Each structure stands twice: as structure tokens, then as C-alpha cells.
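Take a look at the structure set out below.
The values are calculated or read from the model by the stated rules, or taken from the named source; none is laboratory data. Model, not experiment: these values are computed from the prediction. Glycine also receives a Cβ, built like all others from the backbone with ideal geometry; neighbour counts cover every protein chain displayed. What goes into the accessible areas is simple: the full protein's heavy atoms, side chains included, and nothing from ligands, DNA or RNA. Shrake-Rupley method; radii C 1.70, N 1.55, O 1.52, S 1.80 Å.
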Amino acid sequence: MRLAITAQVDSSARAFTLVEVVVSVAVAAILMAGLLVGYSQMLERAEWSAHSLAANSLAMQRLEQTRAAKWDTLATPAVDQLTASSFPVTIEVLDIPTVGTNVALATNITTISTITADPPLRMIQVDCVWSFHNGRVFTNSLYTYRAPDQ
């Protein structure tokens, strides 16, 4: 006597249908496209942040130069190096990693305004103007107040 074991398998349960495969490939393609777009936007934001921080550093350097300028009203004769003519407009290279000739330039503009004459007080404004790859122009501005050396 011979026993035969046979299993009945439904033909629809053996594999994925063509519609399921197409839908899963479409979902995977949308996911990969989203990852690539997100990665490229992240790279652009990181590069913009590097430009902005480098511009802020240039502006801070100029601000420190104005703070170090001699301005002594009690000296004989009085010394005043804190004038706009002492700090002309400069064009400088942003301190960011570069390859070849893709340097980024920034313009430092220093404005010195007298707030009060008695007591003497001046406001110093440093604007660092720079442009990004897309052609948009940005400005990093720093302000401080300064009294004469005593």
C-alpha cells in the first residue's frame, strides 16, 4: 500500500503580483528621491552656514580693530584714531575651504557715528556683505558702543 501526500497550494499565494511589485518599486523610488533631495539641501545649508560664519568672523576682526584704535581725549594733544577714514572699505576672502579658484569674497564696511559729545560716545557698525552661489546677497552686521580711552 502506497500513501501519496499531496498538498494543494493556491497559485495566487505563491508570489507577488505584478501590481504589487510595481507599487513597491514606485515607493522605493520616491523614498530614494526624497533622500537625495534632503541630502542636497542639507549640503547647501551647511555651505551657507560656513559662508555666514566666515563673514561674521571678518566683521568681528574689523570690530576688534576699531576697539583697539587709540581714542584719548585727555591726552595732550588729544588722540583720535577712531574715525571712518582709519577704517576704509575692504574686500577680503572668506575663510572657507576652497578648491582652485572658487574663492568667496566679502566686503567689510565700517561706519562710526557720534552718539553724544559730552560724555563722548560713539557707535561702531561693521557690515560684512557677501553673496552665495545662487546670487543672493547677505549682510552680517555687528554693532558696539565705545567711549574714549581713560
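Taking region 132-150 as the search range and keeping residues that are open to solvent by less than 60 Å² (accessible area, probe 1.4 Å) and within 19 Å of the chain's Cα centre (by Cα), which one is farthest from Asp80 (Cα to Cα)?
Once the filter is applied, the top-ranked residue is Gly135.
Name the residue, out of Ser85, Ser113, that is over 30 Å from Trp48 (Cβ atoms), open to solvent by less than 70 Å² (accessible area, probe 1.4 Å) and outside any loop (DSSP other than H, G, I, E, B).
Going through Ser85, Ser113 in turn, the sole match is Ser113.
Quick one: which of Glu20, Glu44 is assigned to a helix (DSSP H, G or I), loosely packed, with under 12 Cβ neighbours inside 10 Å and among the acidic types (Asp, Glu)?
Step by step, each of Glu20, Glu44 is checked, and only Glu20 is assigned to a helix (DSSP H, G or I), loosely packed, with under 12 Cβ neighbours inside 10 Å and among the acidic types (Asp, Glu).
Being among the hydroxyl-bearing types (Ser, Thr, Tyr) and either part of a loop (DSSP other than H, G, I, E, B) or touching a helix residue (DSSP H, G or I) at 6+ places or on another chain (Cβ under 6 Å) (or both) narrows it down to one residue among Thr139, Thr101; which is it?
That would be Thr101, the only listed residue that is among the hydroxyl-bearing types (Ser, Thr, Tyr) and either part of a loop (DSSP other than H, G, I, E, B) or touching a helix residue (DSSP H, G or I) at 6+ places or on another chain (Cβ under 6 Å) (or both).
Give me a count of the residues in region 67-77 that are among the aliphatic types (A, V, I, L, M), assigned to a loop (DSSP other than H, G, I, E, B) and at pLDDT 90 or above.
1
Scan region 48-73 for residues that are out of contact with any strand residue (DSSP E or B) (no Cβ under 7 Å at 6 or more places or on another chain) and under 22 Å from Ser113 (Cβ atoms) and report the count.
Count: 6.
Looking only at residues that are over 12 Å from Leu58 (Cα atoms) and in contact (Cβ under 8 Å) with a residue 40 or more places away in the chain in region 116-130, which one is surrounded by the most Cβ atoms within 10 Å (Cβ to Cβ)?
Looking at the filtered set, the residue picked out is Ile124.
Being open to solvent by 30 Å² or more (accessible area, probe 1.4 Å) and modelled with pLDDT of 90 or more is the filter here, so list the residues in region 97-110 that pass it.
Answer for region 97-110, where residues must be open to solvent by 30 Å² or more (accessible area, probe 1.4 Å) and modelled with pLDDT of 90 or more: Leu105, Thr107, Ile109.
Please state which of the following conditions Arg62 fails to meet, knowing it meets all the rest: (1) farther than 26 Å from Gln41 by Cβ; (2) open to solvent by less than 30 Å² (accessible area, probe 1.4 Å); (3) in a strand (DSSP E or B).
Exception for Arg62: condition (3).
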